[in-house]
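Participant: I'd like to ask you about the structure that follows.
Please treat every number below as a calculation from the coordinates, not as lab data. Predicted model only: the values in this text are computed from it and were never measured. Reconstructed Cβ throughout: ideal geometry from the backbone, glycine too, with neighbour counts over all protein chains shown.
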Amino acid sequence: MNPPNLTPQQRERILRAATSAPSKHNTQPWWFRWDGDDLEVHADVARALPFGDPEMREVHIACGAAAFAARLGYASLGTGTDVALLPDDADPHLMVRLSVTDAVPDVRFETLYWSLPSRRTTRAPFRGTPVPPQVVGELCEAAADEQAALRLVASEAADYGQLLDLVREAADLEVWQMSRRAVDAATPATSAETPSAVPAEPGQTAAAAERPPLIATLATPTDTPRDWLVAGLALQRVLVTGVRYGATASFTARPFVPAPPSVELPADGSDGGVVQVVLRCGVGRVLPATPRRDLADVLTPSGSGAGPAGRCATSR
Ligand SMILES: Cc1cc2nc3c(=O)[nH]c(=O)nc-3n(C[C@H](O)[C@H](O)[C@H](O)COP(=O)(O)O)c2cc1C
């Protein structure tokens, strides 16, 4: 292990980036451990949803998203990272290890880093402005760069409406469940906005006002825990790439097997993989950010009872 070089402020920057990632019901099911300047992303099992997500599939997706965001944090400091998924066979809850390298980070990462604070899950109706084709191309590239496939579903396709309904219903359910959790925890659910509850523009009242948004599926080659992490890394890269161009999204990550029939299959004859996420993208209102846990709380697993002294032990 190399001696740690990152200052406390730089560590804070990386952790803030990581914890800005999306998660089911905003559960933030992760905790982080510094190993020198390397960062481990762990699943916070106590924050998983045992009934809704018994295999912790959506926890993996969230942790993958947090890992990608942390990479952007490193990159903003000029630091390159290698990514190891599930690096410890003996510990399936160690999701990702980011190791500092001498390599220069991807030149696109620093710009993406500055888009992180503006990323939101946007469930409100989008404006009529379509996502430009060149931006759609960049979103597909962003997914491919993380070894996943983003495919568009044409608005004329037979199951376009079905997939749109799926995302909208998932949005309603998510909002309902988050507001329940907020009532239980007496905290504000600031992203609790539904397509039907929030007008796109002053004067508009219903989701019906929304023009057909872009619908896309995000697929991975197979359906293993590793694929779920890949889906998370790719999801975050796609979302933040969209933000750069003013495009935002809502999405659902319930399991979809088999792939919807309208999804265009790859030219290489493969079966198109396993759809992990369905996204609804468009240009929409800027919403307030959702709350995140204190950084001091994400350095130990929930319920571990580690006091402030333990929490300060960020390096070994
Ligand atoms: C794995 C996963 C599954 C999610 N599922 C849904 C969903 O079904 N419906 C929805 O509206 N949002 C879904 N979300 C988005 C979260 O609700 C959102 O990330 C969280 O509330 C934090 O808000 P933010 O993304 O604006 O920061 C999901 C996020 C993740 C990572």
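Participant: Segment 1-54 to segment 213-243: how many Å between their Cα centroids?
Facilitator: Distance between centres, Cα-based: 19 Å.
Participant: Another one. Stretched out fully, how many nm does the piece from GLU55 to ASP294 gain, at 0.36 nm a residue minus the Cα gap?
Facilitator: Gain on stretching GLU55 to ASP294: 83.4 nm.
Participant: So who's got an amide H within less than 5 Å of the one on ALA124, skipping anything under 5 residues away but keeping other chains? H placed 1.01 Å off N, in plane.
Facilitator: Close amide H contacts, sequence-distant or interchain: none at all.
Participant: For the ranges 243-249, 124-130, 27-33, 9-15, what's the packing order if you count other beta-carbon atoms within 10 Å of each residue, average per peptide, and put the highest first?
Facilitator: 27-33, 243-249, 124-130, 9-15
Participant: Give, in nm to one decimal, the length gained when the segment between THR101 and VAL45 is fully stretched (0.36 nm per residue of separation minus the Cα-Cα distance).
Facilitator: That works out to 17.2 nm of additional length.
Participant: When ASP159, ASP37, ASP44 are ordered from fewest to most other Cβ atoms inside 10 Å of their Cβ, what list results?
Facilitator: ASP159, ASP37, ASP44
Participant: Let me ask something additional. Between ASP89 and THR224, what FRET efficiency follows from the Cβ-Cβ distance if R0 is 22 Å, with the result rounded to 0.05?
Facilitator: 0.95
Participant: Using the per-residue mean of other Cβ atoms lying within 10 Å as a proxy for protection, in what order, highest first, do the peptides 45-51, 116-122, 176-182 fall?
Facilitator: 116-122, 176-182, 45-51
Participant: Would you mind computing, in nm to one decimal, how far apart the modelled labels at GLU156 and TRP114 are, each placed 7 Å from Cα along Cα→Cβ?
Facilitator: Going by the 7 Å Cα→Cβ label model, 4.1 nm.
Participant: List the residues, sorted by chain then number, that are 5 or more residues from GLY36 or on another chain and whose placed amide H is less than 5 Å from its amide H.
Facilitator: Here ARG316 satisfy the definition.
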